[in-house]
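Asks: I'd like to ask you about the structure that follows.
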Amino acid sequence: MSTTTLCQPTALSKQCLTAVSNLMQTHKLPTSFIDTVKDWYWPIAKQITELKQQKGQTYYLAINGSQGSGKSTMAAFLQCIFEHQFDLSVANLSIDDFYLTRKERKHLAEHIHPLLATRGVPGTHDIPLAIETLKKLSELHNNVQLVRFNKAYDDRAEKHLWDKVAAPVDIVILEGWCMGLQAQNPADLYTPINQLEQMEDSNGRWRKFVNAQLEEHYPDLFNMFDQLIMLKAPSFDCVYKWRKNQEDKLISQQSTRFTMDQAELNRFIQHYQRLTEHALESLPDYANLVIELNEQQQFVKAKGAAYDFS
């Protein structure tokens, strides 16, 4: 991939700038964040809009990023620009919305491996539901239900709380930490990479199941997308620090969402370590756009032959 510089004259309309400002306040972002919007999100949104116009039909955009990388923030601001600058309809989803219910994960934990009770890894998502939803979003439907997951209760939200959109929509955004990821070589699964795998998956059954799900079922979802953007963290150590900062913020705010102490967080993040490190190593080779982050979660460099930010 070629390295590109994101420098392009800002031409956001007054209406769009107002919407962006309101969104920054909602996300409690500093005023300096407008530079990120102008220098990064705006050029991306502009080019995707052009690609959508060329395609004619619903355009599917996937965003990959580790925990704390800012993928949901990117999705929100891209949606804002699409809607208020280009008058496009957008369905903004997270792969987290498609987690299996707690009851379904309990079944997996009892019949396959106890670690599958914890949501997150491939095999804990309802892929058929995700595919069905994304297909409906490109067809003529008055109301397409967008499933939502309630992390406070670790279960799927009740249906009356799901969002509804009129379809077809112009752009579908789906963000998630494992979006676009390919399965590992089976030989790479043999050696545990952390204490969780060593102590709770000594025979490798859990990681082999996860890898098989990623190989057999997730490509049907990933192949629906026209474009994949990756937000690339410097290392897994940074991912842990970012996730801990998120947890500390929730605790300080006395959030109603379930929070974890350091020992609980350390165990939880180990569920994601193997595939996060695999993504950092392998995904840049075939993502359409890779945006590299520094340790402060700031965008520093973009790589992507399909993009022209000059």
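Read the figures in this text as sums done on the coordinates, not as results from a lab. Computed from a prediction, not measured in an experiment: that's the story for all the values here. When we count neighbours, we look across all protein chains shown, and the Cβ atoms used for this are built from the backbone with ideal geometry, even at glycine.
Asks: Residues being out of contact with any strand residue (DSSP E or B) (no Cβ under 6 Å at 6 or more places or on another chain) and in contact (Cβ under 8 Å) with a residue 60 or more places away in the chain: count how many of those fall in segment 89-123. If you could, list the steps in order and put the result at the bottom.
Replies: Initially, segment 89-123 is screened for residues out of contact with any strand residue (DSSP E or B) (no Cβ under 6 Å at 6 or more places or on another chain), giving 89, 100, 103-118, 120-123.
Imposing the further condition that a residue be in contact (Cβ under 8 Å) with a residue 60 or more places away in the chain reduces the set to 89, 112-116, 118, 120-123.
Going through segment 89-123 one residue at a time, the tally reaches 11.
Asks: Now for a different question. If we scan segment 203-225, do we find a residue that is at positive phi and not aromatic (Phe, Trp, Tyr)? Show your work before the answer.
Replies: From segment 203-225, those at positive phi are 204; that's our starting set.
Filter once more, so that each one left must be not aromatic (Phe, Trp, Tyr): 204.
Yes.
Asks: Can I ask one more? Filter the helices (runs of 4 or more DSSP H) completely within segment 121-217 down to those with at least 3 residues that are within 25 Å of Ser69 (Cβ to Cβ) and over 22 Å from the mean Cα position of the chain (by Cα).
Replies: Numbers: elements: 127-136, 195-200, 205-216.
Here the list reads 195-200.
Asks: Return the total of residues in segment 91-107 being part of a helix (DSSP H, G or I) and either surrounded by fewer than 19 Cβ atoms within 10 Å (Cβ to Cβ) or aromatic (Phe, Trp, Tyr) (or both).
Replies: Selection size over segment 91-107: 7.
Asks: Something else now. For segment 68-88, which residues satisfy the criterion of being in contact (Cβ under 8 Å) with a residue 60 or more places away in the chain and not polar (S, T, N, Q)? Break it down stepwise before answering.
Replies: Let us first name the residues in segment 68-88 that are in contact (Cβ under 8 Å) with a residue 60 or more places away in the chain, namely 68-72, 74-75, 78-85, 88.
Answer for segment 68-88, where residues must be in contact (Cβ under 8 Å) with a residue 60 or more places away in the chain and not polar (S, T, N, Q): Gly68, Gly70, Lys71, Met74, Ala75, Leu78, Cys80, Ile81, Phe82, Glu83, His84, Leu88.
Asks: Regarding segment 34-57, can at least one residue be identified that is of a type in the set (Gly, Ala, Ser), surrounded by fewer than 19 Cβ atoms within 10 Å (Cβ to Cβ) and more than 20 Å from the chain's Cα centre (by Cα)?
Replies: yes
Asks: Taking the residues in segment 207-222 that are aliphatic (A, V, I, L, M) and touching a Pro at 6+ places or on another chain (Cβ under 6 Å) as candidates, determine which candidate is surrounded by the fewest Cβ atoms within 10 Å (Cβ to Cβ).
Replies: Of segment 207-222, the ones aliphatic (A, V, I, L, M) are 210, 212, 214, 221.
Pick out the ones that are also touching a Pro at 6+ places or on another chain (Cβ under 6 Å) and you get 210, 214.
Working: Val210: 26, Leu214: 21.
Here the residue is Leu214.
Asks: Considering only residues that are surrounded by 22 or more Cβ atoms within 10 Å (Cβ to Cβ) and aromatic (Phe, Trp, Tyr), which ones fall in segment 69-90?
Replies: Those that are surrounded by 22 or more Cβ atoms within 10 Å (Cβ to Cβ) and aromatic (Phe, Trp, Tyr): Phe77, Phe82.
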